[in-house]
Every structure is written in structure tokens, then in C-alpha cells.
1. Just to be sure I understand: of the beta bridges DSSP finds with both ends in the chain, what percent are antiparallel, rounded to 5?
2. Between rounded, prolate and oblate, where does region 6-70 land on the alpha carbon gyration tensor, with a ≥ b ≥ c its root eigenvalues, rounded for a/c under 1.5, else prolate if a/b exceeds b/c?
3. Excluding the sites themselves, what is the longest stretch of the chain that contains no GluC sites (Glu not before Pro) in a DSSP loop with at most 15 other C-beta atoms within 10 Å?
4. Looking at the chain, which Cys residues are left with no other cysteine's beta carbon under 4.7 Å from theirs?
5. Need one number: % antiparallel among DSSP beta bridges in region 6-128, to the nearest 5.
6. Please list, ordered by chain and number, the residues whose modelled amide H lies under 5 Å from the amide H of Phe56; skip anything fewer than 5 residues away on the same chain.
7. Carbon-plus-sulfur fraction of the accessible area of the chain, 1.4 Å probe, in percent?
8. Checking the a/c ratio against 1.5 first, then a/b against b/c, what shape does the Cα gyration tensor give for region 50-174?
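The values are calculated or read from the model by the stated rules, or taken from the named source; none is laboratory data. Only a predicted model underlies this, so the values are computations on that prediction, with no experimental measurement involved. Note that we place each Cβ from the backbone using ideal geometry, even for glycine, and neighbour counts take in every protein chain shown. Surface areas here come from the heavy atoms of the whole protein model, side chains and all, with no ligands, DNA or RNA. Shrake-Rupley method; radii C 1.70, N 1.55, O 1.52, S 1.80 Å.
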Amino acid sequence: MRIAICDDKEEITMQMKEYLISMGNMVESKMDIRTFNEADDFMYEVENNAPYDAVFMDIDLGKLNGIDIAKRIYDRHPFTMIAFITGHRQYIHDVFDVQPCGFIEKPIHKENVKKVFELIVKKCDELPKLCYNVGGSQKCIMLRDVVYLKSDGRKIIVTTMSENDSFYGKMNELDEKLQKLSSNFVRISQSYIVNAKYIKSISYTEIVLKNSRGNITLSISQRYRTQVKKWYINQNMI
């Protein structure tokens, strides 16, 4: 589980990190916790590297506003869960646009951190996963991390924001499985299924996806154009 803590005071980031490390038994995977005391450094990390599962961030970050940063994070990594650290209760009413997972008030208390972290872990556990066999063992990844899937012969290539992986499978069967797990996936050709959460722009003939390695442009095949158009209209009516 990748976690970022951003506060302009080092004692706050260190205190938060210490508390979260002590709660490591609450998650199945190993925690990778990074701390940032400069908002610019944090934004560079967000925009150039793999997404974080959870971000604990001060609302008042000096020249940069934590709420604005949260919007930028969601624009690039829509599934990141954000909790705000704040010493000013009046800010709480200003953040509903970004739908945070919780608030941790200063001075920080371990029990407050635990309550918010428990909620984040619960939300992560409830998210749908794509499971497949690799080398005789099963691997599962969060659907939220999948940017698109591509068929290549008998293999399915899975592209996330941080890496590529592959497994043997059939695209038709995978498409049916994804439709049962999430409404965010749409097939745009015989070879590609994309995650709507990473769509930057869409036209009748092509789709542009956001990715940490640069935007990706994929063609919508003629066979699937009507289907994609109907799906897009339904998505925007919800």
C-alpha cells in the first residue's frame, strides 16, 4: 500500500508516519510510506510517478492550497484516497468538492489517525479486483489501477499507471467479467478495453487516456463506435 504524507512541518509528517507504521497489521500488503514537507516536491512526485493509494495532507501548505492539490491529484489519479490534516476547523466546510475520506485535526492524536486509516483500508478492501494466473499462482490487482487492457495473441497485457503485466486469456471472457465488476470499463475494439476513469478526451474515432508515462491515443474501431457512443452518453447521464 503506497501512502504519502504531506505537511510543511517535519514533526507532523514524522508523527503521522510513526502512527501509520504501528498500524501496519491492518493491511495485507507491505506499506510504502513517503513523507513530503514541500508541496512542490509532492506535486512532482504525484505527476511523475505511480499513484498513491492514500494521501494524508495538510490543507494549509503555504503558497499552495491543499484543496487545489487534491483536485489535481484526483484529475491524474482518480482513485487515490485523501484525508486532510488541519489545525483550522473552518476549512472543513471548504473541501466537500474533493470528497475526502476524513479529517485529522491538529494536534494529532493516534486514535484519530486510526479511525481515518481504518476507513481508508475498508474502502480499499471493498474495491473490485482483477485476478489472474501467472506462473501457477494467482495475482490480483485493483481495477482502479488498470488504465487499459490489450489482447496480444493468446495473452492479455494489463497496463497500469506504473507497469505492464500479462497473462493468458480471452478478450471476450475478460470483457464479460469486467462488465460484472465495474461500469467503468468499455471495449473500444477487438484488442482494447479501457478504464473510463483515465479518459482525457474522446471523439467518434479515438480516445486519449491519461498515463504517468504520457498520454495514450487509441483508435475506436468502426464496429464498436456506436456501442462506445451509447456507453459514453449513459456514463454522463449518471
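1. Of all bridge pairs located within the chain, approximately 65 percent are antiparallel.
2. Because a/c hits 1.5 or more and a/b fails to exceed b/c, region 6-70 counts as oblate.
3. The answer is 39-162.
4. Cys with no partner Cβ under 4.7 Å: Cys6, Cys101, Cys124.
5. In region 6-128, approximately 15 percent of DSSP beta bridges are antiparallel ones.
6. Residues meeting the criterion, in which the H sits 1.01 Å from N, are Ala4, Ile5, Cys6, Ala83.
7. 46
8. It comes out prolate by the Cα gyration axes.
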